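Notes follow once the structure below has been shown.
The values are calculated or read from the model by the stated rules, or taken from the named source; none is laboratory data. Worth saying up front: this structure is predicted, and the values here are computed from it rather than measured. A quick note on method: Cβ atoms are made from the backbone with ideal geometry, for glycine too, and the neighbour counts reach across all protein chains shown.
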Amino acid sequence: MTKPAPSILVDLHGLRLDAAHALLGPDSDGLRSTVQDDPVAYLQALIDGLSELSLKDPLTGLSNRRLLTAELEGEIDRVARSGEAALLLMLDIDHFKSVNDTYGHLAGDQVLQAVGKALAGCIRPMDTLARYGGEEFAIVLPSCQPAFGHAVAERIRRTIESSPIRVSPAVDLRVTVSIGGAFALQWIRSTTELWIDRADHQLYIAKTAGRNRLCLEDQPVSTVSAEEKHLLFGHLSAPDPAWIDMSSGAIPGGAA
């Protein structure tokens, strides 16, 4: 029998937590008053806040690249096992450099925030939206058939195109996005790098074809036969009771 881990008391006053509070900003002000009442709850709340901060883009509040990678790895594993469809969209704001050059970086930040908010309104709660870097965003859509993926991508393109962004009392900007997409490889354990590269290639095609358009790779056709799927995943199904007697641990027809 495993013995419970011994309780370890930590003197919070001996910890250098000022940097953690500075990172969390005003959200951590209320935590300080709970140190004496419940030190464990205080420390857990501080850890939770830092964990969330490490997975968020500070400008847009969207998921960051670290969380995106984790979601991609999870989808690759799920699609390799189930064969279900999953789509990765890569989006880039067209001519974003000219926004910064003409109106300043503050206006550029406002555009990024507005585009991120608009994207969030175009997807499902189960989807993952992340700022990939600079003016590029990524969306992971699990359980996404090709027709639905095309519909979502086109809805995003039209929403951004038709939504003015106010960057000052006298200036409303209109921006567009180019979108590339690739489906995860079914029944095959690929890599996040390969999936992103394939979606990025489609994004490059959309950009070079004139921008403000989408280009989605056709869903790959599975080359795994039903027999191969059974060999790969058959052991995951429930055992046949005719072969294994779980109550006695004996195998019918075999040695006791």
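Scanning for something of a type in the set (Asp, Glu), buried (at least 19 other Cβ atoms within 10 Å of the Cβ) and either part of a strand (DSSP E or B) or on the phi < 0 side of the Ramachandran plot (or both), does the range 99-119 turn up at least one residue? No. Restricting 165, 156, 196, 179 to those that are farther than 28 Å from residue 77 by Cβ, in the same structural domain as residue 86 (by TED's automatic domain parsing) and at pLDDT 90 or above reduces the list to 165. Any idea which residue in the range 120-136 is surrounded by the most Cβ atoms within 10 Å (Cβ to Cβ), counting only those that are among the small types (Gly, Ala, Ser) and at negative phi? Here the residue is 130.
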